[in-house]
Each structure stands twice: as structure tokens, then as C-alpha cells.
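Each remark here refers to the structure printed beneath this line.
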Amino acid sequence: MTTGSTLSRSMHDLGLAAWFGGSLMGAVGLNGGAATANDPKERLSISSAGWTKWAPAQFAAIGAHIVGSAGMLVGDAGRVTIQKETRGIVVLKTVLTLAAGGASLYSAVVGRKQSEHSDEGAKGATEAAGWESSGLAAAQKQQKILQWVVPAITGVLIVLAAQQGEAQRPKKGLSALLAKKGLLQGN
């Protein structure tokens, strides 16, 4: 592995890890923690402030993941061209990355709508209490789903990256020895 491919793979993996972990922590920790504030008017403000602080790091993580992915694709261009299965995984990962990026962007837009209504108060960042305006209630309903979409898609991307890493490893152990000696059929 060259220094360039190590850098690309590191950017891919670290960017994806931060994107996944930050989104999951936001849904579980930040939104959940904000819901415990005593004053209902503080709940959306706390959640919005946390997501606003996280946004630059999240978009940097997404950017690092995309740059790393592009670097890996350039480095693996020959293999991608020759191997149909690898090409299929690259297409799938690209579609999933675009979907996660779109969901992240849309979640940020919905979050901004929630922030604009923070003076109304709420049961939680994604839980309506019944007194909210229709605009806030609609944004909360959307965010309740979106907060789980990004970690779900990025989690699948992590699994696919692990699968690809395993596919690139040489065979080890007894099966490799038997195959080398010509004693194992189908390898």
C-alpha cells in the first residue's frame, strides 16, 4: 500500500466514522439530552445550538470521506474496471453516499426551520407537545425520521467498507496452504 492510498483510505474511513458517530450521537445524546431540559423553550434551543456547533465538523467529515473515496477510486481504477463485483460495490457505495449526503443536507434545512421556532418550546427536538405551530410540528415530524436515516446509511457504508477490505486480503491459514499446494478445489 502506498502513502497516497493510505492517506485516501484514512480520509475515507475517518470521515465516514465521524459522519456516522456524530449523527448517531446527535440523535441519541444531543436530541435526547435536550429533551430533559426543565424549560420547554430551552429544548429546541439547546438541540439547535449543539447541531449548529457540530455542523462544520460534520461537513468537514463528509468532505474528507468524499475526497478519500475519490482517491481510493483513482488508486483502484484498474481493479474496478476489471472486476464486475467491485464495480457494483463502488456504484452502490456512491449511491448510498449521495443518499446520506442528501439526508444530511435536508436534515440541516429542517433543523434550521426548527431553530426558527425555538421560542415556541417543545417536548423535545423531535417530539411535539401539542402547542407547537404547524410549521414546527411538521419539521419535528421530519426530523424524527431524518435523525436515524443518516446513521443508518452511513452504518451500511461502514459495513461495505469492511467487506471490501476483507475482499482485498490474501487468503490465510489452512485453506491458503491447501490451495497453494493444489489440494483445495474451487480456489
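The values are calculated or read from the model by the stated rules, or taken from the named source; none is laboratory data. These figures come from a predicted structure and were not determined experimentally. Positions of Cβ are generated from backbone atoms using ideal geometry, with glycine treated the same way; all protein chains shown enter the neighbour counts. When the accessible area is computed, the model is the full protein with side chains, heavy atoms only, and any ligands, DNA or RNA have been set aside. Shrake-Rupley method; radii C 1.70, N 1.55, O 1.52, S 1.80 Å.
Scanning the range 31-50 for residues that are within 11 Å of residue 126 (Cα to Cα), assigned to a helix (DSSP H, G or I) and under 24 Å from the mean Cα position of the chain (by Cα) returns 31, 32, 34, 44, 47. Across the range 93-114, the number of residues qualifying as surrounded by 18 or more Cβ atoms within 10 Å (Cβ to Cβ), of a type in the set (Ser, Thr, Tyr) and over 18 Å from residue 73 (Cβ atoms) comes to 2.
Looking at the range 80-123, which of its residues are at negative phi and not in a helix (DSSP H, G or I)? It would help to see each step written out before you state the result.
Of the residues in the range 80-123, the ones at negative phi are 80-120, 122-123.
If the condition is that a residue be at negative phi and not in a helix (DSSP H, G or I), then 83, 117, 122, 123 are the ones that fit.
Filter the range 65-79 for residues that are of a type in the set (A, V, I, L, M) and more than 12 Å from the chain's Cα centre (by Cα); which is most open to solvent (accessible area, probe 1.4 Å)? Per the criteria, the residue is 74.
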